[in-house]
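Undergrad: Quick one: the structure is below, questions incoming.
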Amino acid sequence: MADKVVGIVVSIQGKNDLSKSLTEINKDLSKTTSALKDVDKALQLDPTNLELAAQKQALLTKAIEETEDKLSVMRQVAEDA
């Protein structure tokens, strides 16, 4: 008589939610980084432009907030695991 090996496949629902959350956060970070590069290029041409400096500061603040969001999602996943 042959022995059969029976396996169980377990799917974790949180994995899909995590993937979606991280994908959205990474897209936002990518857009912010791209905008920062554009502002930096413009600042190289006109370093005395205060409007560009304010835009850069706003984008840096946004990048920090997005990074904090990503960190909180990853911490939540670590706690759930």
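Undergrad: Within the stretch 15-35, does at least one residue satisfy the condition of being of a type outside the set (Phe, Trp, Tyr) and over 30 Å from ALA78 (Cα atoms)?
TA: Yes, the conditions are met somewhere in the stretch 15-35.
Undergrad: Out of all the residues in the stretch 47-74, which are open to solvent by 60 Å² or more (accessible area, probe 1.4 Å), more than 19 Å from ASP28 (Cα to Cα) and either among the charged types (D, E, K, R) or not in a helix (DSSP H, G or I) (or both)?
TA: Of everything in the stretch 47-74, those that are open to solvent by 60 Å² or more (accessible area, probe 1.4 Å), more than 19 Å from ASP28 (Cα to Cα) and either among the charged types (D, E, K, R) or not in a helix (DSSP H, G or I) (or both) turn out to be PRO47, THR48, GLU51.
Undergrad: Between a residue in the stretch 52-64 that is touching a residue at least 12 places away in the same chain (Cβ under 8 Å) and any residue that is surrounded by fewer than 16 Cβ atoms within 10 Å (Cβ to Cβ) and hydrophobic (A, V, I, L, M, F, W, C), which pairs come within a Cβ distance under 6 Å, given they are 6 or more apart or on different chains?
TA: LEU52/ALA42; LEU52/LEU43
The values are calculated or read from the model by the stated rules, or taken from the named source; none is laboratory data. Note that the structure is a prediction, hence the values are computed from the model and not measured. Heads up, the Cβs are rebuilt from the backbone with ideal geometry, glycines too, and the neighbour counts pull from every protein chain shown. Heavy atoms of the whole protein, side chains included, go into the accessibility calculation; ligands, DNA and RNA do not. Shrake-Rupley method; radii C 1.70, N 1.55, O 1.52, S 1.80 Å.
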